[in-house]
Structure formats: C-alpha cells, structure tokens
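Report on one structure; see the data block that follows.
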Amino acid sequence: MRFGIDANPIFRTRAGVGQYAARLAERMSASSPGDEFYLYRSGGDEGAGDAWLLRENVVVRKVSKSSLQAAVGSDRVDVFHGTNFRLRARGRRGSVVTIHDLALKIFPHLRRRWLGDWFGHLKTARDARLSDRVIADSEATARDVVRHIGLPREKVRVILLAAGHEFRPAADGERLAVVLRRIGMVRPRYVMFSGTLEPRKNVIVLLRAYLGLREDFVDVGLVLAGAPGWKSEGVTEFIRTHGLAEDVRVTGYLTPEDIATLYSGAAAFVLPSLYEGFGLPPLEAMACGAPVIVSNGGSLPEVVGDAAIVLPPDDAEGYRREMTRVLSSPDLAREMRRKGFLRAASFSWDRAAAETLAVYREVAT
C-alpha cells in the first residue's frame, strides 16, 4: 500500500511533534518494506540528512500547502496521515489524524493568540470529525477528544509514544562535564527540567520550589533545558529578581544527545506541567536513569505509573519537599531509578509503528 504522511514537523526543529512524526515514519518504513511512505513537506531542512529518508520505500515530496491534496491524489496515496492536529489532505481510501492534546481548549488562558488559537481548535475538531480514525497519544487525550469534540470513542485509537534510542544512561562522564561547561552550570549537582519555557509547563512553580530547596542544598543547581517560548519573560524575571543567575541555567535548544547526557547526570527530573497530552520528557528522563517528579496534569500519571512521584501542578512546597527527599536519600533515588528503567522499557516505538500501520490498514479496508 501507499501511505502519505504530513512530514512538515520532521523538517523543522524537532520538538515533540517532530520527534513523533520522525520516529514513527522511520520505524514504519523499516518494519514494512513492502509498503511505500510518501512524506510531504512545504519547507524546512531540519533532519533532511537522516539516513532512513534514503530508503527505497520512502519518498519525500516538497509541495505547497495549496497543492498538497493534488499531489496526494497524483501519487495515488491510499491513506493520508495528518500527524499534527490537522488533516490537510485525504487518501483514496481514507485519512487519519493525530491529536496530541487539547490544552488550548481545556486551558483557554494559555492561548498565545486568543482568536487564532480558538479557530485552530475549531479546525482540529472539524478535521477530527472528517477523518476516518483519530489517533491519541494517551487515554487521557482520548477522553478529552471524546468529551470536547464529541467523537464516538470507537473512532479513537490510543497509541502510546516512547523514548528514542538515544535516551539511555550516559557512560561517558567527560561528555557530561563538557555539556555542563557549555551551558555554564557550576554546581556539582543539579535538578533538571526539559521542555519549551511557556505557561503550560508551569516553570515558575519549579523555580519557587527550587528557591526553597536552595536554602538547604547550596550545592544543587537547576537546569532548564529548553528554548524560551511565549510569555517566558516571567521565568527570566524570576531568576533575575531572586539572584539565581549563577544557580539556574536556561540552555536554549539542545540536541537529543545533549539532553540525554543531562538527564543521565541529574539528581532529579521535575515537570510540574499544568497539562500534557503524553509528556515524553519524563519517559526520556527515566530511560536515562533520573528520578522523576511530575504533576498529575493530563496524561502524566498514566505515563509514569508507579515509577515517579506525582503531585498537583501548583504545589510548590510539595515539589520542594519531594526534591529534598530524593536528594537526601540515596536509597530512594536508587529505587526510583530502578522503577524508571523498567517503566521506560515498557514503551516502544516499534509497537507504536505497528499499531499505527494497523490503523492505516483498518481505514484502507
């Protein structure tokens, strides 16, 4: 069969959706050599040198948004997959769209462009209704799709994500030292966050918790591994006004390999997010051996299971208390690492690829 994929996220800076689309297309094309995978993009060159893009059953098409449907029709694509909330084309036999979360519907105050984001949600809802199947990253997102878009549950398929192969404990201590020098972290130990610095990630709560933690652990720094997003000025201002410039490092964009190195050396990973449709960073951190503390926002409890500490998003004192426990108890940290490795290993991109292919074939029949 011939499958079309909205590959725009693959050829841009690979944040969560880009990683999702790239890993899925890579594993599907590897596991199903008898099928053809047409990757459609309108621009960007990020990741264009990936070796898997040269496979015989992978075809990359650069087309404008306005000509996408014509190209999909000309290529006689059987099933088209919108990987990023929107369905911009249909295959001969049907279509699939992935909805990663409904954060902007559930938390309207987090909208960056109020009117534009509202129309974006309406378009996502419309495309979900027009598609033959909807893929959700978690049971939590599936429930949100049913509740807020009104789809029948039988139309939604839950396909869980996984940590990439590069997320494993770093054995090279010198590499960690190099990365720490590059980002300017001078403290011998550090707690870590990974993600875009934006209101949904709730970083200010982590900063408040860290400010309290610092009173008892002057040797512990905080690494905010991510690029500034909208309304990230509050993070910068908090760091400045509380004199944390030397203790807190905002890294900007880092490669997955550098992030994996930082996870491996972290005394704890903390994500107090208000809402996550899946939440790859905690899974990646566990795969690298970091003890994990997360919020109960959206899918996070579903992802981490019993391998992490789970708190309400706005409980700054709770995060301070639990970070203190992890930093003070080697036995607790060791047990959390053990459980984290097991939990992360239970997720698989090979399984995600197989389940996604099964959805394609279901639509095509």
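The values are calculated or read from the model by the stated rules, or taken from the named source; none is laboratory data. What you see is a predicted model, and the numbers here were worked out from it, not measured in a lab. Note: ideal-geometry Cβ built from the backbone for every residue, glycine included; neighbour counts use all protein chains shown.
Of the residues making up segment 6-60, those that are over 17 Å from the mean Cα position of the chain (by Cα), of a type in the set (S, T, N, Q) and under 18 Å from residue 77 (Cβ atoms) number 4.
At least 3 residues that are at pLDDT 95 or above and under 30 Å from residue 71 (Cα atoms) in each: list the helices (runs of 4 or more DSSP H) lying fully within segment 82-169 that qualify. Walk me through it before giving the result.
Details: elements: 103-106, 114-130, 139-149.
Counting at least 3 such residues, we get 114-130.
Looking only at residues of segment 179-193 that are surrounded by fewer than 17 Cβ atoms within 10 Å (Cβ to Cβ) and modelled with pLDDT of 95 or more, we find that the one that is farthest from residue 253 (Cα to Cα) is 189. Only a single criterion out of (1) farther than 17 Å from residue 9 by Cβ; (2) without any contact (Cβ under 8 Å) to a residue 40 or more places away in the chain; (3) β-branched (Val, Ile, Thr) is not satisfied by residue 58, namely (1).
When residues in segment 310-362 are screened for being in contact with a Lys or Arg (Cβ under 8 Å, 6 or more places away or on another chain), closer than 30 Å to residue 31 by Cβ and crowded, with 18+ Cβ neighbours inside 10 Å, 4 of them pass. Residue check: residue 238 meets all listed conditions (1) among the aromatic types (Phe, Trp, Tyr); (2) out of contact with any Lys or Arg (no Cβ under 9 Å at 6 or more places or on another chain); (3) at pLDDT 95 or above but one, namely (2). Here residue 237 does not fit the description of being part of a loop (DSSP other than H, G, I, E, B), acidic (Asp, Glu) and farther than 15 Å from residue 252 by Cβ.
Under 22 Å from residue 325 (Cβ atoms), under 17 Å from the mean Cα position of the chain (by Cα) and not charged (D, E, K, R): is that true of residue 194 in this structure? Walk me through it before giving the result.
Values: under 22 Å from residue 325 (Cβ atoms): yes; under 17 Å from the mean Cα position of the chain (by Cα): yes; not charged (D, E, K, R): yes.
It is true that residue 194 is under 22 Å from residue 325 (Cβ atoms), under 17 Å from the mean Cα position of the chain (by Cα) and not charged (D, E, K, R).
Residue check: residue 210 meets all listed conditions (1) within 24 Å of residue 344 (Cα to Cα); (2) of a type outside the set (Asp, Glu); (3) surrounded by 23 or more Cβ atoms within 10 Å (Cβ to Cβ) but one, namely (1).
Among residues of segment 29-43 that are under 18 Å from residue 87 (Cα atoms), those with a beta-carbon under 7 Å from a residue that is at pLDDT below 95 and of a type in the set (Phe, Trp, Tyr) at least six positions away or on a different chain give the pairs 41/11.
Before we move on, is residue 221 touching a Phe, Trp or Tyr at 6+ places or on another chain (Cβ under 9 Å), modelled with pLDDT of 95 or more and not assigned by TED's automatic domain parsing to the domain that holds residue 81?
Values: touching a Phe, Trp or Tyr at 6+ places or on another chain (Cβ under 9 Å): yes; modelled with pLDDT of 95 or more: yes; not assigned by TED's automatic domain parsing to the domain that holds residue 81: yes.
Here the answer is yes, as residue 221 does meet what is asked.
Yes/no per residue for (1) in contact with a Lys or Arg (Cβ under 8 Å, 6 or more places away or on another chain); (2) surrounded by 18 or more Cβ atoms within 10 Å (Cβ to Cβ); (3) farther than 20 Å from residue 282 by Cβ:
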| residue | (1), (2), (3) |
| --- | --- |
| 159 | no, yes, no |
| 165 | no, no, no |
| 195 | yes, yes, no |
| 200 | no, yes, no |
| 206 | no, yes, no |
| 224 | yes, yes, no |
